[in-house]
Amino acid sequence: MALKGAIVVDREKCKGCGVCLVNCPTNTIALAKEVNSKGYNFAFMASPESCTGCTNCATVCPDTCITVYRVKV
Amino acid sequence: MDVNDIIKPENMVYSKTPVLTSTTMHYCPGCSHGTVHKLIAEVIDEMGIQEKTIGVSPVGCAVFAYNYVDIDWQQAAHGRAPAVATATKRLHPEKYVFTYQGDGDLASIGTAEIMHACNRGENIVVIFINNAIYGMTGGQMAPTTLLGMKTATTPYGRTKELHGSPLRITELLAQLEGTCYVTRQSVHNAASARKTKRAIRKAFENSALGKGTSFVEVVSTCNSGWKLSPVKANEWMVENMFPKYPVGDIKDL
Ligand SMILES: Cc1ncc(C[n+]2csc(CCOP(=O)(O)OP(=O)(O)O)c2C)c(N)n1
Ligand code: SF4
Ligand code: SF4
Ligand code: SF4
Ligand SMILES: [Mg+2]
């Protein structure tokens, strides 16, 4: 049984701090080249296939921008 | 498996607690204050005490904490949060009362208030954000600033001769008979944030049991004041702050 996860980032709330990225054990997240209306390069799920839904990124996000989903497959 | 098959309400395993308002925080990107606010809100949510909790916000970057955690709040003059919390708790013994204070607030101008509240063993929780600097006012030296650390008021670095040594106030407070739980934690990675959350929960539970003052220091970053990126600030903290401010429980009665 494996765990498959996915995250949804609130792009407008994200400040592009990068703390989620370095806390993701599967290198799922990257900062976008585009910016949000505040000028921040927001985080996004760059490699959706690798996310396990571990919630590490959401736990460390200072602005609580990340929602995590997980299924058993 | 397609992400759209995963992103469904029944598969949600983490989302923002409703105790945290949806107001965007004014903190700099990556600031530890936001992470700690979130953990406090999650504990309040999980304990079901939103209607029974009163926070006292400090003077410092966290002065506006009341905009982010949806509970009752008071805002104290600089350093005086433990005195305000003392009165609040004594008048409302059935409530959970906590202060949220920075190192400038708690360990400098508010030294008398925190010492005596802890010595009296007030049944309050103290959350102490030690980022080794006065963040709000532009990065001046705090009592907790490390030796050699450059700040706006120590442009050549803090020296023992001129400024004294970094103040480990948490160890001092642990020696007072009124404190029942004194711990030092951090929020730089997921494991440490989860530990900090457990410490905050224990602190709130202690105050309901009338055990005395529970004190949770969170070794934190002020990346703007430190002039580092958020990720580099966390690394710098682990390397430089942890040797002086080691994480772990100092007292647990
Ligand atoms: C009586 C008084 N003295 C000085 C100040 C100026 N002041 C505002 S915040 C602050 C220090 C804040 O540092 P800290 O408590 O470490 O909080 P941080 O911003 O780092 O979280 C000072 C000295 C004030 N507002 N009131
Ligand atoms: S930790 Fe939060 S605010 Fe920072 S980049 Fe990630 S999603 Fe954005
Ligand atoms: S849930 Fe875990 S694996 Fe998925 S993006 Fe977040 S940290 Fe990475
Ligand atoms: S100045 Fe420092 S403590 Fe204040 S919000 Fe910015 S990073 Fe946080
Ligand atoms: Mg400070």
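When B:69, B:3 are checked against the criterion of being crowded, with 21+ Cβ neighbours inside 10 Å, under 21 Å from residue A:9 (Cα atoms) and among the hydrophobic types (A, V, I, L, M, F, W, C), B:69 stands alone in meeting it.
Set side by side, the residues B:44, B:54, B:40 differ, and just one is in a strand (DSSP E or B) and either crowded, with 18+ Cβ neighbours inside 10 Å or within 14 Å of chain A (Cβ to nearest Cβ) (or both), which is B:54. Select from the range A:19-49 the residues that are part of a loop (DSSP other than H, G, I, E, B) and aromatic (Phe, Trp, Tyr) and list them in ascending order. Result: A:40, A:42. Residues in the range B:89-108 that are part of a helix (DSSP H, G or I), surrounded by fewer than 23 Cβ atoms within 10 Å (Cβ to Cβ) and not small (Gly, Ala, Ser): B:89, B:90, B:91. For the range B:168-176, the criterion of a residue being more than 14 Å from every other protein chain (Cβ to nearest Cβ) and buried (at least 24 other Cβ atoms within 10 Å of the Cβ) is satisfied by at least one position. Residues in the range B:58-106 that are away from chain A (no Cβ under 14 Å), closer than 30 Å to residue B:223 by Cβ, away from ligand 4 (no atom under 16 Å from the Cβ) and of a type outside the set (S, T, N, Q): B:71, B:73, B:76, B:77, B:79, B:80, B:81, B:82, B:84, B:85, B:98. Among the candidates A:62, A:25, the residue that is within 16 Å of ligand 1 (Cβ to nearest atom), within 22 Å of residue B:192 (Cα to Cα) and modelled with pLDDT of 95 or more is uniquely A:62.
Of the residues screened, residue A:16 is one that is in a loop (DSSP other than H, G, I, E, B) and either surrounded by 23 or more Cβ atoms within 10 Å (Cβ to Cβ) or in contact with a strand residue (DSSP E or B) (Cβ under 7 Å, 6 or more places away or on another chain) (or both). Going by the structure shown, is residue B:232 of a type in the set (D, E, K, R) and either within 14 Å of another protein chain (Cβ to nearest Cβ) or within 16 Å of ligand 3 (Cβ to nearest atom) (or both)? Criteria met by residue B:232. Counting only helices (runs of 4 or more DSSP H) wholly contained in the range B:109-198, the ones carrying 3 or more residues that are under 21 Å from residue B:87 (Cβ atoms) and at pLDDT 95 or above occupy B:111-120. Return yes when residue B:39 is hydrophobic (A, V, I, L, M, F, W, C) and closer than 21 Å to residue B:145 by Cα and no when it is not. Considered against the rule, which asks whether it is hydrophobic (A, V, I, L, M, F, W, C) and closer than 21 Å to residue B:145 by Cα, residue B:39 comes out as no.
Checking each residue in the range A:19-47 for being touching a Ser or Thr at 6+ places or on another chain (Cβ under 7 Å) and either free of Cβ contacts under 8 Å to residues at least 12 places away in the same chain or within 10 Å of another protein chain (Cβ to nearest Cβ) (or both) picks out only A:45. Any chance the range A:59-66 includes a residue that's buried (at least 20 other Cβ atoms within 10 Å of the Cβ), facing another protein chain (nearest Cβ under 7 Å), near ligand 3 (Cβ under 6 Å from one of its atoms) and among the aliphatic types (A, V, I, L, M)? Within the range A:59-66, none of the residues are buried (at least 20 other Cβ atoms within 10 Å of the Cβ), facing another protein chain (nearest Cβ under 7 Å), near ligand 3 (Cβ under 6 Å from one of its atoms) and among the aliphatic types (A, V, I, L, M).
Residues in the range B:3-18 include none that are closer than 24 Å to residue B:130 by Cα and at the interface with chain A (Cβ under 7 Å from one of its Cβ atoms).
The values are calculated or read from the model by the stated rules, or taken from the named source; none is laboratory data. Here the structure is a predicted model, which means the values were calculated and not measured. Using ideal geometry, Cβ is built from the backbone for each residue, glycine included, and neighbour counts are taken over all protein chains shown.
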